[in-house]
1. Which of the residues belonging to the range 79-99 are over 22 Å from Thr156 (Cβ atoms) and either of a type in the set (Lys, Arg) or in contact (Cβ under 8 Å) with a residue 40 or more places away in the chain (or both)?
2. Any chance the range 34-54 includes a residue that's within 14 Å of Phe139 (Cβ to Cβ) and touching a residue at least 40 places away in the same chain (Cβ under 8 Å)?
3. Show the residue pairs meeting these rules: Cβ distance below 6 Å; 6+ apart or different chains; first residue within the range 1-15 and closer than 14 Å to Cys32 by Cα; second residue at pLDDT below 95 and crowded, with 18+ Cβ neighbours inside 10 Å.
4. If Thr44 passes every condition in (1) surrounded by fewer than 18 Cβ atoms within 10 Å (Cβ to Cβ); (2) in contact with an Asp or Glu (Cβ under 7 Å, 6 or more places away or on another chain); (3) hydroxyl-bearing (Ser, Thr, Tyr) but one, which one does it miss?
5. Identify, please: which residue in the range 151-164 is of a type outside the set (D, E, K, R) and in a loop (DSSP other than H, G, I, E, B) and is, among those, nearest to the chain's Cα centre (by Cα)?
6. Only one of Leu55, Leu49, Leu76 is open to solvent by 50 Å² or more (accessible area, probe 1.4 Å) and closer than 22 Å to Asp157 by Cβ; which?
7. So Gly65 fits all but one of (1) touching a Leu at 6+ places or on another chain (Cβ under 6 Å); (2) within 20 Å of Ala149 (Cα to Cα); (3) touching a residue at least 40 places away in the same chain (Cβ under 8 Å); (4) open to solvent by less than 60 Å² (accessible area, probe 1.4 Å); what number is the exception?
8. With Gly84, Gly48, Gly20, Gly61 as the choices, which residue is more than 15 Å from the chain's Cα centre (by Cα) and on the phi > 0 side of the Ramachandran plot?
Amino acid sequence: MMIPDRIKQNFLLTDQRQDGENALVSGRLICCGQPDFSLRVVGTMQHGLFHRMSLYPGGEGLALGAICVKCGKRILVYDDKSDGYDTCFSAAGETSFSTAGSVRCAKCGGEFFSVDLRFEYPDERELADLDCAAPENAFTWIWVSLTCAGCGKKYTDFISSETV
């Protein structure tokens, strides 16, 4: 299964399919057998109509960290400086979470969410031909959707980011 190594042990696969030359992998973040996390983000939060929330790259980049509500384990879910297709072929950095903000539900103010992830990967032969050292991290697009554990509000495409 193609999924970034860093989150593999906390990823519950829900769907995997081929879409033309690309592979789509979907799943849910889990820890301690449960899906609820508090979230830390780096980027620009935008709020819209009907309690919509989205996260976009800001001056310090785009990153999402999750903290298990049961054990407190910290999981770096996505960092645009070290994850994705482009970082497999160039020098990668790391986003500082020193100025990270917390995510609160725009509808109820809740602070715990389930995190659904979807990754798009190019054809594995392409990655092999390009001598990609970490093909599991060479996804070309990431989508992150959240569901508030308190009220059930869904934030589809909270993050939708191309990594090429």
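The values are calculated or read from the model by the stated rules, or taken from the named source; none is laboratory data. Just so it is clear, the model here is predicted, and its values are computed rather than measured. Cβ: placed from backbone, ideal geometry, glycine included. Neighbour counts: every protein chain shown. Ligands, DNA and RNA are stripped out before the accessible areas are found, and what is left, the full protein with its side chains, is counted by its heavy atoms. Shrake-Rupley method; radii C 1.70, N 1.55, O 1.52, S 1.80 Å.
1. Lys81, Tyr85, Asp86, Thr87, Cys88, Phe89, Thr95, Ser96, Phe97, Thr99
2. Checked against the condition, which is being within 14 Å of Phe139 (Cβ to Cβ) and touching a residue at least 40 places away in the same chain (Cβ under 8 Å), the range 34-54 yields no hits at all.
3. Correct list of pairs: Phe11/Ile3.
4. Every listed condition holds for Thr44 apart from (2).
5. Per the stated criteria, the residue is Thr163.
6. Testing whether each residue is open to solvent by 50 Å² or more (accessible area, probe 1.4 Å) and closer than 22 Å to Asp157 by Cβ leaves just Leu49.
7. Of everything listed in (1) touching a Leu at 6+ places or on another chain (Cβ under 6 Å); (2) within 20 Å of Ala149 (Cα to Cα); (3) touching a residue at least 40 places away in the same chain (Cβ under 8 Å); (4) open to solvent by less than 60 Å² (accessible area, probe 1.4 Å), Gly65 misses just condition (3).
8. It is Gly20.
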